[in-house]
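Notes to accompany the following structure.
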Amino acid sequence: MSLLRGWGVAGLLVAAALWLAPGQARAFPDEPYSLDEGNKAHTQRFHILGEVAVFGGKLEGDERSIVVSPLIEMRLQLAYSFIMQVLWGMSYVNLDVEDGDPQNAFRSGNPYVAFHYQGKKNQFSYRAGLGVTIPVATITSDLNDQNVQQSAYTLAAAVRGNTNFWIWDVHTVSVIIPIAFERRKPSGFLWGAYVDTGALIKIDNRSNRSSKTDFIMQMVGMMGYQATDWLRVGSRFSLVLIPKFRPANTQLAVEPYLRFGNDNAFGAIRLNINLDNPYGFSFDDRQVWGLRIGGGAAF
């Protein structure tokens with residue numbers, strides 16, 4: 001039943017976006033990656049983006065979980081057709097048990113470095129690349145600390161619908177191939193399709209995945225429109241598959257967003273709504289949602 005409600009919410013958001021799309025549709029700031037399209041001289045080669053994702057709720061018995069997870073992204077246009085991307089996230093979690101002392105942990109995620117080739121033809125733009133993570137995300141050998149530390153990573157991924165899961169996968173090196181297609185119609189409607197596939201390679205048995213190497217596929221659909229000169233509205237739909245990772249082998253989510261500002265500086269609000277297990281439907285008891293507040297600038 002909760003999954004049906006989730007699909008109903010997704011259908012309503014899709015219908016609203018298709019009906020309301022006006023003249024100058026634009027994507028959420030992280031879509032597309034193109035920093036300087038067209039044939040004019042390059043003026044803005046560097047983008048810096050940041051966000052903080054938060055969640056609070058009861059997930060296990062009387063244990064209240066609070067997570068605050070910042071994420072920083074930088075993009076540098078090396079040439080017209082080549083972009084370098086760096087992503088790095090962190091996570092703070094507080095687990096408050098009614099009959100025990102609260103537990104806290106602050107953990108660093110895996111830095112992710114990728115290089116993209118981009119191109120454009122008529123209404124379509126495309127890009128493909130290769131990325132790899134640096135295995136910084138770890139948990140200690142102390143059994144008393146492992147649960148709260150793993151929770152910091154698990155919840156940081158959950159509040160984002162498990163997208164970019166490789167940032168939060170502990171004791172792992174990941175190799176990712178990102179591919180993206182976008183279209184800007186003359187009417188102004190914009191849509192995009194993004195597929196990231198790759199391998200999660202476990203390098204330590206403290207990882208909570210049972211397989212040495214897991215395949216991952218992340219599929220995202222995006223649509224948006226320009227409501228005013230300073231307000232953009234849209235939504236993203238994501239499905240993350242890790243077939244052999246039984247605790248979270250699939251995760252479906254929808255993420256409406258508001259973006260304030262222009263192409264040089266902006267703020268944004270995103271609400272991640274997990275639609276199915278293991279973290280959805282987000283607003284049922286013991287489930288996970290994510291509020292993401294961010295912004296950025298181009299130079």
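The values are calculated or read from the model by the stated rules, or taken from the named source; none is laboratory data. Keep in mind that this is a model prediction, so the values were computed, not measured. Heads up, the Cβs are rebuilt from the backbone with ideal geometry, glycines too, and the neighbour counts pull from every protein chain shown.
If you check Leu143 against the conditions, is it touching a strand residue (DSSP E or B) at 6+ places or on another chain (Cβ under 8 Å) and either hydrophobic (A, V, I, L, M, F, W, C) or at pLDDT 95 or above (or both)? Give the derivation first.
Numbers: touching a strand residue (DSSP E or B) at 6+ places or on another chain (Cβ under 8 Å): no; either hydrophobic (A, V, I, L, M, F, W, C) or at pLDDT 95 or above (or both): yes.
In short, no.
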Practice task
Could you please give the count of residues in region 57-106 that are buried (at least 19 other Cβ atoms within 10 Å of the Cβ), more than 15 Å from Ile167 (Cβ to Cβ) and in contact with a Phe, Trp or Tyr (Cβ under 6 Å, 6 or more places away or on another chain)?
Solution key: 2
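Confirm whether Phe237 is assigned to a strand (DSSP E or B) and either without any contact (Cβ under 8 Å) to a residue 24 or more places away in the chain or closer than 27 Å to Leu49 by Cβ (or both). Outline the logic, then answer.
Details: assigned to a strand (DSSP E or B): yes; either without any contact (Cβ under 8 Å) to a residue 24 or more places away in the chain or closer than 27 Å to Leu49 by Cβ (or both): yes.
Yes: the conditions hold for Phe237.
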Fill in the blank from the handout: Only one of (1) of a type outside the set (Ser, Thr, Tyr); (2) within 19 Å of Pro243 (Cα to Cα); (3) without any contact (Cβ under 8 Å) to a residue 12 or more places away in the chain does not apply to Phe165, and that is (3)
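Does Ala199 qualify as being part of a strand (DSSP E or B), modelled with pLDDT under 95 and within 23 Å of Thr250 (Cα to Cα)? So that I can check it myself, show each step before the final result.
Working: part of a strand (DSSP E or B): yes; modelled with pLDDT under 95: no; within 23 Å of Thr250 (Cα to Cα): yes.
The answer is no for Ala199.
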Practice task
Identify the single condition in (1) modelled with pLDDT of 85 or more; (2) closer than 17 Å to Asn249 by Cα that Ser210 does not satisfy, given that it satisfies every other one.
Solution key: (1)
Problem - Number of the condition not met by Val173 [criteria: (1) under 21 Å from Leu239 (Cα atoms); (2) of a type in the set (Val, Ile, Thr); (3) assigned to a strand (DSSP E or B)] - result: (1)
Practice task
Determine if region 102-109 includes at least one residue that is among the small types (Gly, Ala, Ser), at pLDDT 95 or above, in a strand (DSSP E or B) and under 26 Å from Leu190 (Cβ atoms).
Solution key: no
Practice task
Among the residues of region 107-148, count how many are closer than 21 Å to Ser65 by Cα, in contact with a Lys or Arg (Cβ under 8 Å, 6 or more places away or on another chain) and surrounded by 19 or more Cβ atoms within 10 Å (Cβ to Cβ).
Solution key: 2
